[in-house]
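Readers should treat all values here as calculations from the given coordinates under stated rules, not as data from a laboratory. Bear in mind the structure is a predicted one, so any value in this text is a computation, not a measurement. Neighbour counts are summed over all protein chains in view; Cβ atoms, including those assigned to glycine, are modelled from backbone coordinates with ideal geometry.
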């Protein structure tokens, strides 16, 4: 049984959600209340998770323990560490239930849109880290690999020995975690490091 309290900007919102959640026999609502100017948001029953509805980031910061936030998207990033899930005010009851179970077990929940944004950001950060991992010379050599140059041709073009060109290719393969030049070029193209 997951013990839950609901703190909302209005009593009506808190009671409405409590009524909907009471249908789930694995959730026990221990407390429903409105913010109503209270300074201490943590007095009351010991719970596994708190649902905060329509509260500001500053108000949510005052709640200890796992929190599921139902709020408008503005300022979501400022809600703080205790937040295990942020859902829009229009979230379906099954989404809220799933978020409560996850929060009570110390998991984080992302909506499909939040996951897409997170993955895009992570991919962008990885791409930047990847670009920084290769030196300017290695990027130059990677682009020459894409043009079909061999070690001897790379050396001649760059005014370096064939051995040094081979060393650069080896470094590129190692940094990219691939076994072949073709794989290195394919990754370079996907990351936008090699012009198509």
Most exposed to least, judged by fewest other Cβ atoms within 10 Å, 1, 189, 144 sort to 1, 189, 144
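Could you work out how much longer the chain between residue 186 and residue 158 gets when fully extended? Use 0.36 nm per residue separation minus the Cα distance between them, nm to one decimal.
That pair, residue 186 and residue 158, stretches by 7.8 nm at full extension.
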Exposure-ranked with fewest Cβ neighbours within 10 Å first, 90, 135 stand as 90, 135
Per-residue Cβ contact counts at 10 Å, fewest first, order 105, 163 as 163, 105
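Figure the gain on full extension for residue 31 and residue 143 (residue separation times 0.36 nm, minus the Cα-Cα span) and round it to one decimal in nm. Mind dumping the intermediate values first?
Details: separation 112, 0.36 × 112 = 40.32 nm, distance 6.26 nm.
The span from residue 31 to residue 143 would gain 34.1 nm if fully extended.
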